[in-house]
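Structure, as structure tokens:
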Amino acid sequence: MTDANENLNDWLRDAHAMEQQAEKMLTAQAERLEHYPALKARIVEHIDETRWQQRLLDECLARRGIGSSLVKDIGGKLMAFGQAIGGMSATDEVVKGAIAGYVFENLEIASYTALIAAAGQVGDSATKSACEQIIVQERAMAAWLLEHLPQITEAFLARAATPGVTAKV
Ligand SMILES: [Fe+2]
């Protein structure tokens, strides 16, 4: 048997690790992108949002009496996901990266949906409100990626078909 508050604490830690992973992946993508300025700019914007989300989660954890030292150990939890979708050497890296980004944003959306329900159940309105603010940013990023995936794909295909031009990033 596990208390609802303990589950909420676990999920907040998971969300914190997820956002650390998100920051790593987004930073790696942004650093490598050269020929897709709109995508790069949107990723850079979401890196700022992701850092803000981490601070919000830190505050939730602190309010609930969980030190940030307990959070650090689980940073590698989602590493496998990042490695699986990293695709750094793929010739179609930009397209794979945009798809992976969309998948990851939807993982975040689902995670915060569960967190909002759990926070509501235990009556932690501050945590619920924090997650409701975060999920708005995740939905916006997911929507942007899906909306721009056709243009990104078309730009990639055009570059890939042009001799002497780099297409992958
Ligand atoms: Fe995100």
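The values are calculated or read from the model by the stated rules, or taken from the named source; none is laboratory data. Please read these numbers as outputs of a predicted model, since none were measured by experiment. So basically every Cβ, Gly included, is an ideal-geometry build from the backbone, and we count neighbours across all protein chains shown.
Per-structure values
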{"read-out": "The lone exception for Lys24 - which of (1) away from the ligand (no atom under 13 Å from the Cβ); (2) free of Cβ contacts under 8 Å to residues at least 60 places away in the same chain; (3) of a type outside the set (Val, Ile, Thr) it fails", "value": "(1)"}
{"read-out": "Inter-residue pairs, beta-carbon under 9 Å, first within 15 Å of Pro37 (Cβ to Cβ) and in the stretch 139-151, second loosely packed, with under 15 Cβ neighbours inside 10 Å, 6+ apart", "value": "His148/Ala38; Gln151/Ala38"}
{"read-out": "Condition check for Arg13: over 28 Å from Thr153 (Cβ atoms), assigned to a helix (DSSP H, G or I) and modelled with pLDDT of 95 or more", "value": "no"}
{"read-out": "Evaluation of Ala17 against (1) crowded, with 22+ Cβ neighbours inside 10 Å; (2) of a type outside the set (Lys, Arg); (3) away from the ligand (no atom under 12 Å from the Cβ); (4) within 14 Å of the chain's Cα centre (by Cα) (one fails), failing number", "value": "(1)"}
{"read-out": "Subset of the stretch 43-53 (residues that are under 11 Å from the mean Cα position of the chain (by Cα) and either farther than 10 Å from His16 by Cα or without any contact (Cβ under 8 Å) to a residue 60 or more places away in the chain (or both))", "value": "Ile43, His46, Ile47, Glu49, Thr50, Arg51"}
{"read-out": "Lone qualifier among Ile116, Ile135 - being within 16 Å of the ligand (Cβ to nearest atom), within 17 Å of Glu49 (Cα to Cα) and surrounded by fewer than 20 Cβ atoms within 10 Å (Cβ to Cβ)", "value": "Ile135"}
